[in-house]
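Have a look at the structure below before the remarks.
The values are calculated or read from the model by the stated rules, or taken from the named source; none is laboratory data. Quick caveat, the model's predicted, so the values are computed rather than measured. Counting neighbours? That spans all protein chains shown, and the Cβs are built from the backbone with ideal geometry, glycine included. Remember, those area values only see protein heavy atoms, side chains included, never the ligands or the DNA or RNA. Shrake-Rupley method; radii C 1.70, N 1.55, O 1.52, S 1.80 Å.
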Amino acid sequence: MNLPDLKEARKRTNKLVFEKKVDYQFPEAFRGKKYFLKTYGCQMNMHDSEEIRKNLELLGCKETSVLENSDVVVLNTCAIRENAHDKVFGYLGRCKHLKREKPELLIAIGGCMSQEENVVKEIKEKHPYVDIVFGTHNISMLPHYLIAQLKKKEQDIEVYSMEGDVYENIKYSRDSKISAWVNIMYGCDKFCTYCIVPYTRGKQRSRKLEKIVAEVEELKNNGYKEVTLLGQNVNAYGKDLEYGYDFKDLLESVAKTDIPRIRFVTSHPWDFTDEMICVISKYDNVMPYIHLPLQSGSDTILKKMGRRYTKEEYITLFKKIKEKIPECSITTDIIVGFPNETEEEFLETLEVVNTCQFDSAFTFIYSPREGTPASLIKDSISKEVKEERLQRLNRLINHYSLEKNKALEGKIVPVLILGNNEKDKSKIYGYTDTMKLININGSKELIGQIVPVKIQEAKSFSLDGIMVKESEMV
Ligand code: SF4
């Protein structure tokens, strides 16, 4: 048994990060069994679930979308906000009920929540029916833990609080055959005061440039049309390596593979350089879309958050991007109700929204995460005030989203078709180069192709369009 320890998770040493290999030598001990995998949270978690899925398939399991039909349940959890935590424990109630009917059912919990001391304590004390708890550093060990459960029947907690390693032979069972996630780095060293990620995912560890490029080449050769380069702070890529290359060099090398579309998330304004903007504008296959978290428009709050930039610095960067890449769409993240945020400080955030007029935004009420410095601040702002501010912010964000989308009506844009519209089977959906969701009438033969689409109607969160001839595209 290995329990998480937040103090250990916070440590950063000069220890060199070594590349390690995943051990895929295990029997198909679960042949014929069914697994149910539920993923919470961000793109990083979704990509981790692609690794979990591959591991379960190598064990001989087949996926089911019905919890009640499963023999193995894996919940890949998120720790970023309190409601994700509540959702997981709510879902565990269903699993507990199912285990009463099917005592041989195996239940495993992984992901960021598993890295939290208080969560593991709660599972140990109140949820003894959970068989395995594993963390973000040892996803590749899940098959071994499951096999061990076939013999021993006690709860197995295997969570490591450490800086972490880099694995280079990970196998994935990817969600899509068109668009793929590619990890370029793991962990984060920024330690924003509200964020649990540097504790749950360890130290920043960048993969070597040539390994990332090789993965993109392979994806391209296998027919993939798009890659999204993933990291908690992609702009800091390479800072932990001794090779002298950084994110602009990586982006340029990936662009030269000629894969049709390249995206990246998430950016941090503090590490975003002019050279990176130049590379994005130089290559047609680097999409004109940047997710640039603002978090707050108040310098006082930004300082308390440990974000390392001011409102002015953010706006200057925003304007530089727009100047160099006028068509670039920029989205953001904003937290309202950081402890003791005043009305004036909140109004400063609205001011920045009015200045930048984001294409869209993920907006949240601040959620204290145990173990982070911000969670120790005594807060005087009521829940009602925070909710009211969130509504005001959302109204403004939605106003600009609709305005931006309306400006596209009548235009012809390239769209990568990703699949059938879930609700209306006569339609297919895809994304514009600027990352706008668009639904069109069209045949599923187009899935996987980049096609010209004329935008007919704009809504706040999506567009409707029709396919046009290639020659109509300017
Ligand atoms: S940059 Fe800040 S918010 Fe983003 S993962 Fe790192 S600590 Fe969290």
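Residues are listed down the side, and each one gets a yes or a no for (1) more than 16 Å from the ligand (Cβ to nearest atom); (2) within 20 Å of the chain's Cα centre (by Cα):
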position	(1), (2)
Pro293	no, yes
Met305	no, no
Thr316	yes, no
Glu327	yes, no
Ile330	yes, yes
*Would you confirm whether any residue within region 44-53 is open to solvent by 70 Å² or more (accessible area, probe 1.4 Å) and under 20 Å from Thr136 (Cβ atoms)?*
yes
_Thr316, sole failed condition from (1) out of contact with any helix residue (DSSP H, G or I) (no Cβ under 6 Å at 6 or more places or on another chain); (2) open to solvent by 20 Å² or more (accessible area, probe 1.4 Å); (3) part of a loop (DSSP other than H, G, I, E, B)_ = (3)
_I'd like to check something: does region 398-408 contain any residue that is small (Gly, Ala, Ser), over 26 Å from Val119 (Cα atoms) and crowded, with 18+ Cβ neighbours inside 10 Å?_
yes
*Would you point out the residue of region 179-205, among those that are part of a strand (DSSP E or B) and aliphatic (A, V, I, L, M), that is farthest from the ligand (Cβ to nearest atom)?*
Ala180
*Listed residues Ile123, Ile147; which is modelled with pLDDT of 95 or more, of a type in the set (A, V, I, L, M, F, W, C), surrounded by fewer than 18 Cβ atoms within 10 Å (Cβ to Cβ) and part of a helix (DSSP H, G or I)?*
Ile147
_Here's a check for you: in region 17-62, which residue that is within 14 Å of Ile147 (Cα to Cα) and among the basic types (Lys, Arg) is farthest from the chain's Cα centre (by Cα)?_
Arg31
*Top-ranked residue in region 100-147 [being among the polar types (S, T, N, Q) and more than 19 Å from the chain's Cα centre (by Cα); ranked as nearest to Ala29 (Cα to Cα)]*: Ser140
_Sole residue being of a type in the set (Ser, Thr, Tyr) and either within 16 Å of the ligand (Cβ to nearest atom) or under 22 Å from Glu82 (Cα atoms) (or both), chosen from Ser114, Ser176, Ser140_ = Ser114
